[in-house]
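Engineer: Let me give you the structure first, and then I'll get to my questions.
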Amino acid sequence: MTTFVDRVELHVAAGNGGHGCASVHREKFKPLGGPDGGNGGRGGDVILTVDQSITTLLEYHHSPHRKATNGKPGEGGNRSGKDGQDLVLSVPDGTVVLDKAGNVLADLVGHGTSYVAAQGGRGGLGNAALASARRKAPGFALLGEPGDLQDIVLELKTVADVALVGYPSAGKSSLISVLSAAKPKIADYPFTTLVPNLGVVTAGSTVYTIADVPGLIPGASQGKGLGLEFLRHVERCSVLVHVLDTATLESDRDPVSDLDVIEAELREYGGLDNRPRIVVLNKIDVPDGKDLAEMVRPDLEARGYRVYEVSAVAHTGLKELSFALVDLVGRARAAKPKEEATRIVIRPKAVDDAGFTVTREEVAGEPLFRVRGEKPERWVRQTDFNNDEAVGYLADRLNRLGVEEELMKAGARSGDGVAIGPEDNAVVFDWEPTLMAGAEMLGRRGEDHRFEAPRPSAQRRRDKQAERDEAAQEFDDFEPF
């Protein structure tokens, strides 16, 4: 059974905002006491938060679909709906959040670090909030916005000070088990270690973490074996330790060639050239291993490596190795820039920034003007198109924003198609420039008399159809000589 997962695809859905309420206050002797519809509640967010007590993404491997709660709708009596509850998902330290295209959205390092993966929708305003001196009793309310839907990828990169790299069965698991309190599975066959192991080492007054990275063989950076799955765990480590097997039974291998192969894979993976390295010649408790270690040590030292001969079984040379790692870890920590408090940068929008664009498109030979912008698209989502008064209010808002003026500048004529929103989810209507601000010119509640006149585009279609019918009739009545 899988107990360690370091990459999952997560489908998160934020909560929808609650709808606003259209209500009129009624009491004895006051049948129409004014609008008192409350606002809808905000939908809950989906938040990823680092929890250092968690070491795997296994929970999300089994349950990849997560959803926050919706906001409650508003009620009469000026009662606002309850906000949806945020959904907080705990992830291990070192989790990277990516989109489906592989772009990094967040790098979560440090206990308590959080990222809003999906934002809840706004609640709709009730008719009490929409009332004004010119619109004293609105017969409509705004709808709540839907919450965000996101497909994200979580990748875990182990956060450790030291990484043990090397061939399978080189003794990395044995070494981490004697340097720390970690108890990894140890056996005498390749690929015993199928997941990274993490241990905590205390040397004098210094405490550091050490990780055993499995599966590095020739071709690991191209996906051969298990290397590509776990090379990412080396990225965050400050020091690399090459664990070389001096007692291998394979005739075509030796410590120097093993080192060259692993270094080639690290270079191919990229981004690790500046990490300090130490070479550990392991298994010197074996007589042939001791002789081979003494033979290759001068060659390795000539390359500039600090070489240590150890035996995880006999506990030989471990103290010298541990304090050497303390020295390198201390230097790496001292070289890191000091953490500073997060600076909050405020970038207000320009005063004359309308926040929308109008572009002309051709669809089936007919002009279509597409309006894109945060405000117009949000207002469309909040509009109840079954209510004429709500549609009239939308028209007023778009007019005040300057959409009608921009449509005229773009060459739009009465009856041309206008789409608000992206191609896959847009609201399309026939533009009528006479539909101007003035929602105060209303008849009964919920109605707008401006919609009673026939639309120009519909009239043009009827005229064209009449012309075609007349031409067809003339053809039928034609009698050849």
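The values are calculated or read from the model by the stated rules, or taken from the named source; none is laboratory data. As the structure is a prediction and not an experimental result, all values here were calculated from the model. Counting neighbours? That spans all protein chains shown, and the Cβs are built from the backbone with ideal geometry, glycine included. Heavy atoms of the whole protein, side chains included, go into the accessibility calculation; ligands, DNA and RNA do not. Shrake-Rupley method; radii C 1.70, N 1.55, O 1.52, S 1.80 Å.
Engineer: A354 is checked against (1) open to solvent by less than 80 Å² (accessible area, probe 1.4 Å); (2) small (G, A, S); (3) at pLDDT 80 or above and fails just one. What number does that condition carry?
Structural biologist: It is condition (3) that A354 fails.
Engineer: Now a separate question. Taking A128, is it among the aliphatic types (A, V, I, L, M) and part of a strand (DSSP E or B)? Don't jump to the end; show me each part of the working.
Structural biologist: Working: among the aliphatic types (A, V, I, L, M): yes; part of a strand (DSSP E or B): no.
When the stated conditions are applied, A128 does not pass them.
Engineer: In region 138-182, what count of residues is obtained for those that are free of Cβ contacts under 8 Å to residues at least 40 places away in the same chain and under 29 Å from the mean Cα position of the chain (by Cα)?
Structural biologist: The number of residues fulfilling the criteria is 0.
Engineer: When you look at E59, is it under 30 Å from T113 (Cα atoms), assigned to a strand (DSSP E or B), open to solvent by 60 Å² or more (accessible area, probe 1.4 Å) and not hydrophobic (A, V, I, L, M, F, W, C), yes or no? Before you say what the answer is, go through the steps one by one.
Structural biologist: On the way: under 30 Å from T113 (Cα atoms): yes; assigned to a strand (DSSP E or B): no; open to solvent by 60 Å² or more (accessible area, probe 1.4 Å): yes; not hydrophobic (A, V, I, L, M, F, W, C): yes.
Spelling it out, it is not the case that E59 is under 30 Å from T113 (Cα atoms), assigned to a strand (DSSP E or B), open to solvent by 60 Å² or more (accessible area, probe 1.4 Å) and not hydrophobic (A, V, I, L, M, F, W, C).
Engineer: Taking region 102-136, which residues are open to solvent by less than 50 Å² (accessible area, probe 1.4 Å) and either within 25 Å of R381 (Cβ to Cβ) or of a type in the set (K, R) (or both)?
Structural biologist: Keep residues of region 102-136 that are open to solvent by less than 50 Å² (accessible area, probe 1.4 Å), which gives 102, 106, 108, 110, 112-113, 117-118, 120-121, 123-124, 126-128, 130-131, 135.
Residues satisfying the conditions are A117, A118, G120, G121, G123, G124, G126, N127, A128, L130, A131, R135.
Engineer: Something else: Among the numbered criteria (1) at pLDDT below 85; (2) open to solvent by less than 80 Å² (accessible area, probe 1.4 Å), which one does T434 miss?
Structural biologist: (2)
Engineer: Quick check, is N425 within 27 Å of the chain's Cα centre (by Cα), of a type in the set (S, T, N, Q) and at pLDDT below 90? If you could, list the steps in order and put the result at the bottom.
Structural biologist: Details: within 27 Å of the chain's Cα centre (by Cα): yes; of a type in the set (S, T, N, Q): yes; at pLDDT below 90: yes.
In short, yes.
Engineer: Can we say L89 is modelled with pLDDT of 90 or more and within 26 Å of the chain's Cα centre (by Cα)? Steps first, please.
Structural biologist: Details: modelled with pLDDT of 90 or more: yes; within 26 Å of the chain's Cα centre (by Cα): yes.
Criteria met by L89.
Engineer: Another question, then. With respect to G402, determine if the residue is open to solvent by less than 100 Å² (accessible area, probe 1.4 Å), more than 34 Å from the chain's Cα centre (by Cα), at pLDDT 80 or above and not aromatic (F, W, Y).
Structural biologist: Details: open to solvent by less than 100 Å² (accessible area, probe 1.4 Å): yes; more than 34 Å from the chain's Cα centre (by Cα): no; at pLDDT 80 or above: yes; not aromatic (F, W, Y): yes.
Criteria not met by G402.
Engineer: Let me ask something else. Are any of the residues in region 359-374 of a type in the set (A, V, I, L, M, F, W, C), free of Cβ contacts under 8 Å to residues at least 40 places away in the same chain and within 21 Å of R122 (Cα to Cα)?
Structural biologist: For region 359-374, residues of a type in the set (A, V, I, L, M, F, W, C), free of Cβ contacts under 8 Å to residues at least 40 places away in the same chain and within 21 Å of R122 (Cα to Cα): absent.
Engineer: Looking at (1) out of contact with any Lys or Arg (no Cβ under 7 Å at 6 or more places or on another chain); (2) at pLDDT below 90; (3) surrounded by fewer than 18 Cβ atoms within 10 Å (Cβ to Cβ), can you tell me which one R378 breaks?
Structural biologist: The one condition R378 does not meet is (2).
Engineer: Now for a separate question. Looking only at region 1-54, filter to residues that are outside any strand (DSSP E or B) and of a type in the set (A, V, I, L, M); which one of those is surrounded by the most Cβ atoms within 10 Å (Cβ to Cβ)?
Structural biologist: So in region 1-54, the residues outside any strand (DSSP E or B) come out as 1-6, 14-23, 25-26, 28-29, 31-34, 36-45, 51-54.
Those left that are additionally of a type in the set (A, V, I, L, M): 1, 5, 14, 22, 32, 54.
Numbers: M1: 3, V5: 16, A14: 31, A22: 26, L32: 9, I54: 15.
The extreme case among them is A14.
Engineer: Quick check on my filter: what residues within region 235-246 are assigned to a loop (DSSP other than H, G, I, E, B) and either modelled with pLDDT of 85 or more or open to solvent by less than 30 Å² (accessible area, probe 1.4 Å) (or both)?
Structural biologist: Correct list: C237, S238, T246.
Engineer: Does D424 meet the test of being open to solvent by 20 Å² or more (accessible area, probe 1.4 Å) and either of a type outside the set (F, W, Y) or touching a strand residue (DSSP E or B) at 6+ places or on another chain (Cβ under 8 Å) (or both)? Explain how you work it out, then say what you get.
Structural biologist: Values: open to solvent by 20 Å² or more (accessible area, probe 1.4 Å): yes; either of a type outside the set (F, W, Y) or touching a strand residue (DSSP E or B) at 6+ places or on another chain (Cβ under 8 Å) (or both): yes.
Taking the combined requirement at face value, the residue satisfies it.
Engineer: Now for a different question. Among what's in region 90-122 and is among the hydrophobic types (A, V, I, L, M, F, W, C) and assigned to a loop (DSSP other than H, G, I, E, B), pick the residue that is farthest from D51 (Cα to Cα). Before the answer, list the steps.
Structural biologist: Applying the first criterion (among the hydrophobic types (A, V, I, L, M, F, W, C)) to region 90-122 yields 91, 96-98, 101, 104-106, 108-109, 116-118.
Among the residues that remain, those that are also assigned to a loop (DSSP other than H, G, I, E, B) are: 101, 109.
Working: A101: 26, V109: 10 Å.
The extreme case among them is A101.
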